[in-house]
Amino acid sequence: MIKEKTLTTMFTEVKKYLEDKIPYKPTMGVILGSGLGSFAEIVEDKIIFDYQNIPHFPQSTVKGHSGRLVVGKIASQEVMVLQGRFHYYEGYEMNYVTFPVRAMQAMGVKNLIVTNAAGGINPEYQPGDLVLIKDHINLMGANPLRGANISSLGPRFPDLSEAYHKEWRQKGLAIMKELGLNPREGVYAAVSGPSYETPAEIQFLKTIGADLVGMSTVPEVIVAKHGGMNVLGISCVTNYAAGISKQKLNHAEVIAVAEKIEKTFVRTLSELIKVMA
Ligand code: HPA
């Protein structure tokens, strides 16, 4: 685990690095999940950073995640878009998994949209559906806030009783309707991966109230809430979760489905950003 002092220094250093190079004051952050990276193309007046050049950012190792920070404007809002994220299953400590959120916090970001590819547990969901995250269940066996609390970043015991901004969810559902999509909301269960679940595990997740399953997002949301941000979450259902259909799961299929609905995803996300302004 990273020591409190080290984390504070990392925070200060990334803040200095980004502030020196970014003439914007971004208030909105977006984290793009597997196969959903092309959203960054609609950012105007872009400044692009490879993760490898940003102090303390780890390198992304997963296919479908390119590892770039794109800063610029969308619908006259100044935004920071993370194209590629760090997963716990890659072996990173939680402090590193969530460090990009701290970088956003350092830059003054107040509103965060997190996106991911997820398996559909709810029998009404089909591959290709977009689902707003209503709440989450953390089954990763780890919490990014474990360890000494840095009180300048947030409180020891942050409240998560409304982790996903209710008003934005309502606006999101209305936008989905307008765009001719099924307005869907669901509970996202986060597991550590990287193996996909067994059918028995999916039955368990269903029983405890999960509609979606994935291997990301929740650590970032916990840190964002700790840092005082408002959060909106969107899952792209890329597959039926294990045992929901007879099909076997593979990462290539997950990426292919995410890429197929990328256009709809980009459209939905840009409409959402407009109403979140
Ligand atoms: N399980 C876990 N993570 C996932 C899945 C899944 O079925 N699909 C996309 N990410």
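The values are calculated or read from the model by the stated rules, or taken from the named source; none is laboratory data. If you're wondering where the values come from, they're calculated on a predicted model, not measured in any experiment. Every residue, glycine among them, receives a Cβ derived from its backbone with ideal geometry; neighbour counts consider all protein chains shown. SASA here: full protein model, heavy atoms, side chains in, ligands and nucleic acids out. Shrake-Rupley method; radii C 1.70, N 1.55, O 1.52, S 1.80 Å.
Looking only at residues of the range 240-264 that are open to solvent by less than 60 Å² (accessible area, probe 1.4 Å) and either touching a helix residue (DSSP H, G or I) at 6+ places or on another chain (Cβ under 7 Å) or free of Cβ contacts under 8 Å to residues at least 40 places away in the same chain (or both), we find that the one that is farthest from the ligand (Cβ to nearest atom) is GLU262. Only one of the numbered conditions (1) at positive phi; (2) more than 9 Å from the ligand (Cβ to nearest atom); (3) more than 15 Å from the chain's Cα centre (by Cα) is not met by THR217, and that is (3). Limited to the range 100-123, what total is found for residues that are outside any strand (DSSP E or B) and within 16 Å of the ligand (Cβ to nearest atom)? The total comes to 3.
Is it true that GLU220 is of a type in the set (Asp, Glu), open to solvent by less than 20 Å² (accessible area, probe 1.4 Å), touching a helix residue (DSSP H, G or I) at 6+ places or on another chain (Cβ under 8 Å) and at pLDDT 90 or above? The answer is yes for GLU220. Within the range 161-169, none of the residues are in contact with a helix residue (DSSP H, G or I) (Cβ under 7 Å, 6 or more places away or on another chain), open to solvent by less than 20 Å² (accessible area, probe 1.4 Å) and closer than 25 Å to HIS251 by Cα. Do we have GLY128 as in a loop (DSSP other than H, G, I, E, B), in contact (Cβ under 8 Å) with a residue 60 or more places away in the chain, more than 21 Å from LEU153 (Cα to Cα) and open to solvent by 10 Å² or more (accessible area, probe 1.4 Å) here? The answer is yes for GLY128. Of all residues in the range 198-208, which are surrounded by fewer than 21 Cβ atoms within 10 Å (Cβ to Cβ) and either near the ligand (Cβ under 9 Å from one of its atoms) or farther than 20 Å from LYS246 by Cβ (or both)? Across the range 198-208, the qualifying residues are THR207, ILE208.
Hey, any hits in the range 12-34 for a residue that's surrounded by 19 or more Cβ atoms within 10 Å (Cβ to Cβ), assigned to a helix (DSSP H, G or I) and in contact (Cβ under 8 Å) with a residue 60 or more places away in the chain? Yes - at least one qualifying residue is present in the range 12-34.
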